[in-house]
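Each remark here refers to the structure printed beneath this line.
Just so it is clear, none of the values below were taken in a lab; they were calculated from the coordinates. What you see is a predicted model; the values in this text were computed from it and never measured. Positions of Cβ are generated from backbone atoms using ideal geometry, with glycine treated the same way; all protein chains shown enter the neighbour counts.
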Amino acid sequence: MSKRRQERMAVEIQRFLAEIFREQIKDPRVDLSTVSVTRVEVSPDLGHARIHISILGNAEKQQQTMKVLEKAKGFVRSELAQRIQLRHAPELEFRLDKSIEHGIRISSLLNEIKQHEDSGEKP
């Protein structure tokens, strides 16, 4: 399997998963508007896909959302199979990605430092 096809499938899977999360999963326990699919890694045989998911919120909310996504894995996989043109839909593995949360934290620290510099204070 070519690396280019593998990358194209990863992008397509990421796009379809975002749609599925936004439109199809209706669970009152979680707010899926705070869920982002940050990256998808697909195996060379397209049999497995590792989905990196960012969830904004505290650790408890993140764990609860990950549990809901794990329970909905079969449904998500069947919806994905209907949307992509593959003989077999890949097995999905969800992973929590904290990169967006980390970026927000760094941004707020930099803003805080800038405010201290503008006011003439030392941090």
(request) Compute the length gained on full extension between residue 59 and residue 96: take 0.36 nm times their separation in residues and subtract their Cα-Cα distance, giving the result in nm to one decimal. (result) 12.2 nm
(request) Among 36, 43, 107, rank each residue by its count of other Cβ atoms within 10 Å, from fewest to most, as a rough exposure measure. (result) 107, 43, 36
(message) With +1 assigned to the C-beta of every Lys and Arg and -1 to the C-beta of every Asp and Glu, and no other charges, what is the dipole magnitude of the stretch 3-98 about the Cα centre in debye, to the nearest 20?
(response) 160 debye
(request) Please name which of 13, 33, 85 has its Cα lying farthest along the dipole of the stretch 1-99 towards the positive end, using unit charges on Cβ (Lys, Arg +1; Asp, Glu -1) and the Cα centre as origin. (result) 85
(message) Under 37 °C and 0.692 mPa s, how fast does the stretch 3-98 diffuse according to Stokes-Einstein, given a Kirkwood radius computed over C-alpha pairs? Answer in µm²/s, whole number.
(response) 243 µm²/s
(request) Please give the net charge around residue 110, taking every other residue with its beta carbon less than 15 angstrom from that of residue 110, where Lys and Arg add +1 and Asp and Glu add -1. (result) -1
